[in-house]
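Note sheet for the following structure.
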Amino acid sequence: MAAANAANLIKDVGEGGVEAPLLANGAAVEGLVPGSGLAAELAELSGKGVEILACRNSLRSLGMAEEDLPGFVRVVPAGITELVRRQQERWAYVKP
Amino acid sequence: MAAANAANLIKDVGEGGVEAPLLANGAAVEGLVPGSGLAAELAELSGKGVEILACRNSLRSLGMAEEDLPGFVRVVPAGITELVRRQQERWAYVKP
Amino acid sequence: MAAANAANLIKDVGEGGVEAPLLANGAAVEGLVPGSGLAAELAELSGKGVEILACRNSLRSLGMAEEDLPGFVRVVPAGITELVRRQQERWAYVKP
């Protein structure tokens, strides 16, 4: 859903017209691994400038290795802090 | 849930005391059609000044016709853009 | 999920470094009662300064008595109003 949201936003506003980082938090980090069924969609979004972020807390609690994530994924220490900090910086927030 | 949230907000703040647009995105657009079980509740909210919005991307991907929606529903090109733009304009966001 | 988010935020930023109120709305208020399985986790969060809020509308519609909630829970008249008002006051919003 988040990937579709980001794709629709870019399609509507125009590539380069908006920054739309996508943060995977909780169980959603499982969608980032190659073979999740979302790999091609995420790679395409990354190619369009969408920053793909993963929460380290979530990876750890699921026993996932950061090395198994595609190179375009950037791991942040805590997804929740990213969500709070970005909003304080006036980013909009969408929970799919 | 969103309809109940809007109704509770209006009841708490007072009719005319707040603007509470309700955006149906994704599968939620199916709740807008007459006969969804929500029709009366939505019509009542609309009568209280709640703007009822539907995402055109969602309607299309579900093969739904805009003509089948009640007259009080306003279709926006992309729900995701509406969510981002409104927050940039300082609207609060609630995801039910 | 909200309790885990609050705990992770405090762990990441440092106790005292952030205010992270937790609002239970809708069916989530059922998680606040002693014996819900979350009681110890919520008491610990409260001890770390996390304000635990419950929506009175939700309690009423579920037929729950405010007296049955732990003493550290503060009941607000309408959760939805709290969410909107806090965002207008520049609080960040996270929907778990």
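Sorted from shortest to longest, the distances between the C:Gly63 label points of this copy and the other copies are 4.2, 4.2 nm, with each point 7 Å from Cα along the line through the beta carbon.
In peptide C:82-92, what is the residue-averaged number of other protein chain Cβ atoms found within 10 Å of each Cβ?
Mean inter-chain Cβ contacts per residue within 10 Å come to 5.
Ascending distances from the A:Ala27 label point to its copies in the other chains, with the point 7 Å along the Cα-to-beta-carbon line: 1.4, 1.4 nm.
Which shape class applies to the protein assembly as shown: rounded if a/c is under 1.5, otherwise prolate when a/b exceeds b/c and oblate if not, where a ≥ b ≥ c are the square roots of the Cα gyration tensor eigenvalues?
On the way: a/c = 1.79, a/b = 1.00, b/c = 1.79.
Oblate is the answer for the protein assembly as shown, as a/c is 1.5 or above yet b/c matches or exceeds a/b.
Only the Cβ atoms of Lys and Arg (+1) and of Asp and Glu (-1) were treated as charged; on that basis the dipole of chain B about its Cα centre amounts to roughly 340 debye. The mean number of Cβ atoms from other chains found within 10 Å of a Cβ in peptide C:10-17 is 3, as a whole number. Summarising the amide proton neighbourhood of C:Ala24: residues at separation of 5 or more, or on other chains, whose placed amide H is nearer than 5 Å comprise C:Leu53, C:Ala54, C:Cys55. Secondary-structure-derived ellipticity at 222 nm for chain B, considering helices only, amounts to -11000 deg cm²/dmol, per-run term -39500 (n - 2.57) for DSSP H runs with n ≥ 4.
Write down the accessible area per residue of chain B in Å², having rolled a 1.4 Å probe over the full set of protein chains.
Working: 4850 Å² over 96 residues.
Heavy-atom SASA per residue in chain B reads 51 Å².
Annotation note: GluC sites (Glu not before Pro) in segment A:53-96 located in DSSP loop regions with a Cβ neighbour count of at most 14 within 10 Å are A:Glu89.
Interface A/C, total buried accessible area with a 1.4 Å probe, nearest 100 Å²?
Numbers: alone 5950 and 5950 Å², together 10770 Å².
Chains A and C together bury approximately 1100 Å².
The rotation axis bringing chain B onto chain A passes closest to the chain B residue reported with its distance as B:Lys95, 2, by C-beta distance in whole Å. Across segment C:11-96, Cα pairs under 8 Å and at least six residues apart give a relative contact order of 29 percent. Rounded if a/c is under 1.5, else prolate if a/b beats b/c, else oblate: with a ≥ b ≥ c from the C-alpha gyration tensor eigenvalues square-rooted, which is segment A:36-96? Oblate, because a/c is 1.5 or more while a/b does not exceed b/c. The apolar share of the surface of the protein assembly as shown, taken as the fraction of accessible area on carbon and sulfur atoms (1.4 Å probe, ligands and nucleic acids excluded), comes to 50 percent. A simple count of charges around A:Lys95, restricted to other residues whose Cβ falls under 12 Å of its Cβ and scoring Lys, Arg +1 and Asp, Glu -1, yields +2. With label points set 7 Å from Cα along Cα→Cβ, the inter-copy distances at B:Ser46 are 4.5, 4.5 nm, sorted shortest first.
The values are calculated or read from the model by the stated rules, or taken from the named source; none is laboratory data. What you see is a predicted model, and the numbers here were worked out from it, not measured in a lab. Cβ coordinates were reconstructed from backbone atoms using ideal geometry, including for glycine residues, and neighbour counts include every protein chain displayed. Quick note on the areas: whole protein, heavy atoms, side chains included, nothing else; ligands and nucleic acids left out. Shrake-Rupley method; radii C 1.70, N 1.55, O 1.52, S 1.80 Å.
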